[in-house]
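The values are calculated or read from the model by the stated rules, or taken from the named source; none is laboratory data. What you see is a predicted model, and the numbers here were worked out from it, not measured in a lab. Note: ideal-geometry Cβ built from the backbone for every residue, glycine included; neighbour counts use all protein chains shown.
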Amino acid sequence: MEPILYTDNLTIRFGGHTAVDGVNFQMPEKHLKSIIGPNGAGKTTFFNLISGELKPTTGDVYFKGQSLAQKSAIERTRMGLGRSFQITNVFPNLTVLENVRLAVQSKERIRYQLFRHYKSYQAITDKAEELLALVLLDNKRDALTTMLSHGEKRKLEIAMLLALDTEILLLDEPTAGMSLEEVPTILEIIRSIKQQGDKTILLIEHKMDMILDLSDSIMVLFNGQLLADGSPEEIMNNDTVQHAYLGGLYDDHLTDIK
């Protein structure tokens, strides 16, 4: 089966530093793959290349077999690639419901008309409320976003990505900055989205223990290179991965990885 998303020799250099180095990966459709690696491994830079925030020095990203080389970040979102960030990206002075409703409206390309009765937009509101229930924010629908906790803002951002009807969710450290009490809830939301069976999820996480049970497969980046890609069990039993996390792996050892 053709992967829904893959990269070909994806590379980016900043001066003399190669942040992502010849990465070839494949993403099956309706699959959850986690990207792990030590700090500075190139995880977020890799995400930025996929989402269009950065342009590669060499190589390319393909979505449904189509090159994304000439596609902007906005165009990629419209095609079905939805990206969240480590820092939440919501409208702070709108209510929770209004944030999601605007995302639904944007997807449907509907503009509000001054003399049209608000009830004619009920389908948009219904969809927004459905998504808020999925991310466990239905009880916060009328709260201003500024009143939400960091974890609740992360939930809201996921709801907004879902409102755009994206086929692939690119989640950059969805638990970053959360309290220990909030982390299990966000992981359960991601699990619920996965169980619905209609989304492909690629997420970054540096805490391996958090995503072992959640992931169909895990890829490991180290010094910008693809160190390993396999099932959670394969990654856990990979000596090279263990050395990388313990800080005992050096660049010259990467040539020995099969």
Legend entry - Which listed residue is closer than 24 Å to Lys199 by Cα, surrounded by 17 or more Cβ atoms within 10 Å (Cβ to Cβ) and modelled with pLDDT under 95, from Leu32, Leu81: Leu81
Legend entry - Near pairs, Cβ below 6 angstrom, 6+ apart or cross-chain, from region 64-80 (on the phi > 0 side of the Ramachandran plot and in a loop (DSSP other than H, G, I, E, B)) to any residue that is among the hydroxyl-bearing types (Ser, Thr, Tyr) and modelled with pLDDT under 95: Gly80/Thr166
Inset, instruction - Could you tell me whether any residue of region 38-51 is in contact with a helix residue (DSSP H, G or I) (Cβ under 8 Å, 6 or more places away or on another chain), at pLDDT below 95, buried (at least 21 other Cβ atoms within 10 Å of the Cβ) and assigned to a loop (DSSP other than H, G, I, E, B)? - result: no
Inset, instruction - Determine the pairs where a residue that is among the hydroxyl-bearing types (Ser, Thr, Tyr), located within region 32-54, has a partner that is surrounded by fewer than 18 Cβ atoms within 10 Å (Cβ to Cβ) with Cβ atoms under 6 Å apart, the partner being 6 or more residues away or on another chain. - result: Ser51/Ala73
Inset, instruction - Can you give me the number of residues within region 149-184 that are farther than 22 Å from Ile35 by Cα and either surrounded by fewer than 20 Cβ atoms within 10 Å (Cβ to Cβ) or of a type in the set (Val, Ile, Thr) (or both)? - result: 5
Legend entry - Count of residues meeting criterion [surrounded by fewer than 18 Cβ atoms within 10 Å (Cβ to Cβ) and over 24 Å from Ile218 (Cβ atoms)] in region 52-78: 14
Inset, instruction - Identify, by number, the condition in (1) part of a helix (DSSP H, G or I); (2) touching a residue at least 12 places away in the same chain (Cβ under 8 Å); (3) not aliphatic (A, V, I, L, M) that Glu130 doesn't meet. - result: (2)
Legend entry - Of all residues in region 177-205 being out of contact with any strand residue (DSSP E or B) (no Cβ under 9 Å at 6 or more places or on another chain) and part of a loop (DSSP other than H, G, I, E, B), the one that is farthest from Val90 (Cα to Cα): Gly197
Inset, instruction - Report whether or not Glu188 is at pLDDT 85 or above, touching a helix residue (DSSP H, G or I) at 6+ places or on another chain (Cβ under 9 Å) and not aliphatic (A, V, I, L, M). - result: no
Legend entry - Long-range neighbours under 9 Å by Cβ, at least six apart or interchain, first residue among the charged types (D, E, K, R) within region 207-219, second exposed (fewer than 14 other Cβ atoms within 10 Å of the Cβ) and outside any helix (DSSP H, G or I): Asp216/Ser231
Inset, instruction - Note down all Cβ pairs under 9 Å where the first residue falls in region 174-202 and is touching a residue at least 60 places away in the same chain (Cβ under 8 Å), the second is crowded, with 17+ Cβ neighbours inside 10 Å and of a type in the set (Phe, Trp, Tyr), and they're at least six residues apart or on different chains. - result: Leu202/Phe47
Legend entry - Top-ranked residue in region 6-37 [being charged (D, E, K, R) and assigned to a strand (DSSP E or B); ranked as nearest to Gly65 (Cα to Cα)]: Asp8
Inset, instruction - Would you check which residues across region 220-252 are within 21 Å of Asn9 (Cα to Cα) and either at pLDDT 90 or above or in contact with a His (Cβ under 7 Å, 6 or more places away or on another chain) (or both) and list them? - result: Val220, Leu221, Phe222, Asn223, Gly224, Gln225, Leu226, Leu227, Ala228, Asp229, Gly230
